[in-house]
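None of the figures in this text is laboratory data; all of them are computed from the coordinates on show. As the structure is a computational prediction, the values presented were derived from the model and not from experiment. Here Cβ is always computed from backbone atoms with ideal geometry, including for glycine, and neighbour counts include all displayed protein chains.
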Amino acid sequence: MKLLEHEAKALLRAAGVPVPGGTLVTHGADPTPLSLPAVLKSQVPVGGRGKLGGVVVVEDQAALGATTEALFSLEIKGHKPRVLLAEEKLAIEREHYVSLLVDRASASIHLVAHKEGGIEVESNDSADFLNVPVNADSLDDAASRLAEHLGYGAPLVRPLLARLYAAFIKNDATLLEVNPLVYTASGELVCGDCKMELDDAAAFRHPEWDFEDIPKDTNFVVLDPSGTVATIANGAGLAMATVDAVAASGLKPANFLDIGGGANTESVLKAFRRIMEFPSVNAIVINIFAGITRCDEVARAVIAAKKQINGLPPLFIRLAGTNFEEAVALLSAEDIPTLATLEECLEKAKEAAHA
Ligand code: GDP
Ligand code: MN
């Protein structure tokens, strides 16, 4: 699950990581008590807000009302904010990039950093990033490497990395990205922005998790944020088998999803919307063996998704079981084909990926 910036920053603050002082602004509430100058930041679950006008410095009262209104109306990559984060404006000297992430290939946590952070971080040469495995025992070494890479003394960097690492572990994060990590005019390192993803599979041990985007009604697990094939199946066993089959065919599964017995059009549509947040997904494989789940309900969700979601990747659908004929009739009336087996779905998904 992806957290909003203000949710991630609350977790960082609790772990003792320096974050700017801030308050939330809700739509319609009077923003005038804010101390100015402030930075108003749209709380949408996507990055790149700065470039798209979602981060605005407000210098005086005169600009505050209009800026607030404009940010609430501004859609960023398909999302409008429910709240804004108003933060004290930082006196930025330098912007760096620092992240912790689960490296699946080596089954370890990696520290990835770059001296040049900020909104142009994607244009950095990938060879210039610091990228080292890190664990509780090697934290001090990693902190020294990070300090050297960023150009600071180890005493400034060591407590910061230790606290970021503690926040990562405590919250079962899969990604904690600070960009920019700001070096301020007063010589401190402060987290200017934070993107955090938590492991959905760890939700059972976090009764305290209460976030805007928490997936309550679907059993959706992010497997690989850069995965290319999204999966929708019913029943935990079939959903796991579907993920395995995608991987075995040489494709990269992005998620596990068991839509469960009580799936309805709305809950399946919600799953499609979550899938759209994966930047690299170019195929959706739907594998349903319907018992309590009804194929026609899945078909209705597929049709609704096709109509409502722009840029929906190609669907490869295999259905069997309850109300199969009705589902096929509904889908073929909309020119949406179904396939007889999962193998066929994967073959076609592969062809589409290479087309
Ligand atoms: P993102 O574009 O969604 O990653 O949003 P960020 O929160 O990273 O903001 C983008 C850029 O806005 C940052 O790289 C900064 O240059 C600028 N920015 C953000 N917060 C502040 C601040 O408090 N003060 C100043 N001067 N600039 C800020
Ligand atoms: Mn950022």
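Full extension of the chain between Ala340 and Asp244 yields a length gain of 32.7 nm, computed as 0.36 nm times the residue separation minus the alpha carbon distance. The angle between the Cα long axis of helix 154-170 and the main principal axis of the chain comes to about 30°, on a 0 to 90 degree scale. Here the Karplus curve 6.51 cos²θ - 1.76 cosθ + 1.60, taken at θ = phi - 60°, turns the phi angles of the range 330-336 into couplings of 4, 5, 5, 4, 9, 6, 9 Hz, with x standing for Gly and Pro. Extension gain for Ser73-Glu148 works out to 22.7 nm (0.36 nm per residue, less the C-alpha to C-alpha distance). Distance from the alpha carbon centroid of the range 165-179 to that of the range 236-277 works out to 25 angstrom.
Of all aspartates and glutamates in the structure, those lying under 19 Å Cα to Cα from Lys350, and not within fewer than 8 positions of it along the same chain, are Asp224, Asp244. Rounded to the nearest 5, what % of the DSSP beta bridges within the chain are antiparallel ones? DSSP beta bridges in the chain are roughly 75 percent antiparallel. Fully extending the segment from Arg104 to Ala329 would add 76.8 nm, taking 0.36 nm per residue of separation and subtracting the current Cα-Cα distance.
Protection proxy ranking of 107-115, 278-286, 132-140, 337-345, by the mean of other Cβ atoms within 10 Å over each peptide's residues and highest first, is 278-286, 107-115, 337-345, 132-140.
Summed over qualifying helices (DSSP H, 4 residues or more, each -39500 (n - 2.57)) and divided by its residue number, the chain shows a 222 nm mean residue ellipticity of -10000 deg cm²/dmol.
Amide H contacts under 5 Å for Val83: Gln43, restricted to partners 5 or more places along the chain or on a different chain, H placed in the peptide plane at 1.01 Å from N. Net charge within 12 Å of Arg294 by Cβ-Cβ distance, Lys/Arg positive one each and Asp/Glu negative one each, not counting Arg294 itself? Taking every other residue near Arg294 into account, the sum is -3. Think of each Lys and Arg Cβ as +1 and each Asp and Glu Cβ as -1; about the Cα centre, that makes the dipole of the chain roughly 220 debye. Taking amide H as placed 1.01 Å from N in the peptide plane, Asp193 has its amide H under 5 Å from the amide H of Asn179, each at least 5 places away in sequence or on another chain. Listed values for the range 252-258 are Karplus-derived 3J(HN,Hα) couplings in whole Hz (6.51 cos²θ - 1.76 cosθ + 1.60, θ = phi - 60°), namely 9, x, 8, 8, 10, 9, 9, and x replaces Gly and Pro. Checking the a/c ratio against 1.5 first, then a/b against b/c, what shape does the Cα gyration tensor give for the range 1-118? Here the range 1-118 falls in the prolate category. Each label was represented as a point 7 Å from its Cα along the Cα-to-Cβ direction; for Asn124 and Phe204 these points are 3.8 nm apart.
Beyond 20 Å between alpha-carbons counts as too far, so tell me which of Lys77/Lys252; Lys41/Lys115; Lys41/Lys77 fall in that bin.
Values: Lys77/Lys252 24 Å; Lys41/Lys115 24 Å; Lys41/Lys77 15 Å.
Where the Cα-Cα span goes over 20 Å, the pairs concerned are Lys77/Lys252; Lys41/Lys115.
Computed 3J(HN,Hα) for the range 91-105, one whole-Hz value per residue from the Karplus formula 6.51 cos²θ - 1.76 cosθ + 1.60 where θ = phi - 60°, is 8, 7, 9, 9, 10, 10, 10, 9, 9, 10, 8, 7, 8, 5, 4, glycine and proline marked x.
On C-alpha positions alone, give me the angle between the axis of helix 61-73 and the longest principal axis of the chain, in degrees, nearest 10. Tilt of helix 61-73: around 20 degrees. If only the Cβ of Lys and Arg carry +1 and only the Cβ of Asp and Glu carry -1, the dipole of the range 254-340 around its Cα centre is close to 240 debye.
Between helix 295-308 and the chain there is an angle of about 50 degrees, using the helix long axis and the longest principal axis of the Cα atoms.
Nothing charged except the Cβ atoms of Lys and Arg (+1) and of Asp and Glu (-1): what's the magnitude of the dipole of the range 94-241 about its Cα centre? Round to the nearest 20 debye.
Values: 10 positive and 24 negative charges, 68 e Å.
I would put it at about 320 debye.
The Cα atoms of the range 246-307 give a gyration tensor whose axes a ≥ b ≥ c have a/c of 1.5 or more with a/b no greater than b/c, which makes the shape oblate. Projecting the Cα atoms of Leu64, Ala113, Tyr165 onto the charge dipole of the range 59-167, computed from C-beta unit charges around the Cα centre, puts Tyr165 farthest toward the positive end.
On the principal axes of its alpha-carbon atoms, the chain has extents of 69, 50, 41 Å, going from largest to smallest. Does the range 177-261 come out rounded, prolate or oblate, given a ≥ b ≥ c as the square roots of the eigenvalues of its C-alpha gyration tensor, rounded meaning a/c under 1.5 and, failing that, prolate meaning a/b above b/c? Since a/c reaches 1.5 but b/c is at least a/b, the shape of the range 177-261 is classed as oblate.
One compactness figure for the range 215-355 is 0.92, namely its Cα radius of gyration divided by 2.2 N^0.38 Å.
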